[in-house]
Amino acid sequence: MEAFAERAARELRAAGGTLRRHPPDHGSGLTAHETQIVRLAGEGLSNSQIGARLFISPRTVEWHLGRIYEKLNVTSRRQLRF
């Protein structure tokens, strides 16, 4: 994955773009994918909308949210709101 990230960064810089680095969130134990789902769910998007943005099925979003709830010790989607 690092090779792909480095290549993408080079191509972005060559196109005149800027690279934004996001520090990994090791405190919550969430994967990068789960972090994206939490962010989108916290913004109020439905499972269908999250799935469309991440190119996964709404059922897969639901499955990830179940794991996320356990990791974050929350019981509802409202608790993910920012």
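For the stretch 12-49, give me the residue count where each residue is modelled with pLDDT of 85 or more and either in a helix (DSSP H, G or I) or of a type in the set (K, R) (or both).
The number of residues fulfilling the criteria is 15.
Does T75 meet the test of being part of a helix (DSSP H, G or I) and at pLDDT 90 or above?
Criteria not met by T75.
The values are calculated or read from the model by the stated rules, or taken from the named source; none is laboratory data. Remember, predicted model here, so these are calculated numbers, not experimental data.
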